[in-house]
Amino acid sequence: EISLGLVGSEMCIRDRVTPSTDVKATMKSMALTYKQAMQSSEPGAMLTLVEKFQRLVASVQLVQFDKKRHSVLQQGLDKVQTQLGLVHASLESKDINTAKAQLTKVAALRKRYHKERSPDIWQLIFCS
């Protein structure tokens, strides 16, 4: 259990964050939260969802993945948190359009790093 402090966007989340016990379910919750945030039309509502998203990412960051992929996955999660910090800063300035543009970059990061989470068939055959 850790306290998460994200300061880059003048934000500080003091919630207790514990490691996710079900990464797959947490990832599904992240996807839903992302969708809801993108559909928001009010900066305050979107900000609440982005903060939830940050907590979900933090809970996955605490998971110990297998040694082969751990550093790559953590790198991806760190980039997502950094991007969410930028989204948060835009929302604090009530700039929902910039926030949504920044949030779309999270989707690109997800696609890039999601491939690292699940090995492809060739990795399973040749790298076992």
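The values are calculated or read from the model by the stated rules, or taken from the named source; none is laboratory data. Treat the numbers as computed from the prediction; the structure is a model and nothing was measured. Here Cβ is always computed from backbone atoms with ideal geometry, including for glycine, and neighbour counts include all displayed protein chains. The area values use the complete protein model at the heavy-atom level, side chains included, leaving out ligands, DNA and RNA. Shrake-Rupley method; radii C 1.70, N 1.55, O 1.52, S 1.80 Å.
Here is how the numbers come out for the structure above:
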| item | result |
| --- | --- |
| Local net charge near Val80, Cβ-Cβ under 11 Å (Lys/Arg +1, Asp/Glu -1) | +3 |
| Probe 1.4 Å - accessible area at Val17, Å² to nearest ten | 10 Å² |
| Cα-based reach from Lys68 at 17 Å (exclusive), listing lysines while leaving out same-chain residues under 8 positions away | Lys115 |
| Sequence of His70, His88 from largest to smallest accessible area, 1.4 Å probe | His70, His88 |
